[in-house]
Amino acid sequence: SRGITLLANSEPSEARSMRLSGRLLAAPDPLLAEAIERYARERDLEPRLVQAVVQVESGYNRRARSNKGAIGLMQLMPGTASDLAVADPWDAEQNLRGGTSYLRQMIDRFGDLELALAAYNAGPEAVAKYGGIPPYEETRNYVRRILHLFDGSDAVLDGSRVFIVRDANNQVRLTTSSVARP
């Protein structure tokens, strides 16, 4: 017997517009904003970076689920969530804890923000396989968007590695040099 398959975009329009926005948006819920700040600081991540990842991944939609099975605010794959001891990836607190831990692991592993973001999106194996950002349009656009939201610039992937450094005033800077510039 023949069946009918109905495909529908179940992403709420508000989450979609937040996810696709060209500027970094505030978390729509003060408790969510506080949790992002707390988990970012615990992992020694800039809160704006975590905010950018959440915005691009889910548009702050706690119920987001990708067509590949990634779940929640930071779009954790079930296996990754399990590896990170996230029992319920639908729970915003657990998802943020796990997602920030994973992002920190990728930064520590690759020592480079662009590569870490590419690994967050495409998987660390893809970054290792290609020895850099994989040649996937989705991943390249993802890295550009996160960097743009994070630092407000039109970041261009030109083959230069981008580092997060703190300057003499303890302000975070994106740079292509691992040494802070004045």
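The values are calculated or read from the model by the stated rules, or taken from the named source; none is laboratory data. The structure presented is a predicted model; accordingly, all values stated were derived computationally and were not measured. As a convention, Cβ positions derive from the backbone with ideal geometry for all residues, glycine included, and neighbour counts pool all protein chains shown. Accessible surface areas use protein heavy atoms only, side chains included; no ligands, DNA or RNA. Shrake-Rupley method; radii C 1.70, N 1.55, O 1.52, S 1.80 Å.
Below, the figures for the structure above:
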{"item": "Output for the stretch 44-59, where each listed residue is surrounded by 23 or more Cβ atoms within 10 Å (Cβ to Cβ) and among the charged types (D, E, K, R)", "result": "E57"}
{"item": "Tally of residues being under 17 Å from L32 (Cα atoms) and either open to solvent by 10 Å² or more (accessible area, probe 1.4 Å) or in contact (Cβ under 8 Å) with a residue 60 or more places away in the chain (or both) across the stretch 72-88", "result": "2"}
{"item": "Within the stretch 23-135, helices (runs of 4 or more DSSP H) holding 2 or more residues that are under 19 Å from R145 (Cβ atoms)", "result": "30-42, 47-58, 92-110, 113-122, 124-130"}
{"item": "Residue check, R104 farther than 23 Å from M18 by Cβ, at pLDDT 95 or above and buried (at least 16 other Cβ atoms within 10 Å of the Cβ)", "result": "yes"}
{"item": "First in the stretch 124-145 and modelled with pLDDT of 95 or more, second anywhere and β-branched (V, I, T) and crowded, with 16+ Cβ neighbours inside 10 Å, Cβ under 6 Å, 6 or more apart", "result": "none"}
{"item": "Filter pass, R62 being charged (D, E, K, R), touching a helix residue (DSSP H, G or I) at 6+ places or on another chain (Cβ under 9 Å), at pLDDT 95 or above and open to solvent by 40 Å² or more (accessible area, probe 1.4 Å)", "result": "no"}
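Matching residues to (1) out of contact with any Lys or Arg (no Cβ under 7 Å at 6 or more places or on another chain); (2) of a type in the set (F, W, Y); (3) under 21 Å from L25 (Cα atoms):
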{"residue": "D108", "(1), (2), (3)": "yes, no, no"}
{"residue": "D112", "(1), (2), (3)": "no, no, no"}
{"residue": "A116", "(1), (2), (3)": "yes, no, no"}
{"residue": "A122", "(1), (2), (3)": "yes, no, no"}
{"residue": "K129", "(1), (2), (3)": "yes, no, no"}
{"residue": "G132", "(1), (2), (3)": "yes, no, no"}
{"residue": "N141", "(1), (2), (3)": "yes, no, yes"}
{"residue": "R145", "(1), (2), (3)": "yes, no, yes"}
{"residue": "H148", "(1), (2), (3)": "yes, no, yes"}
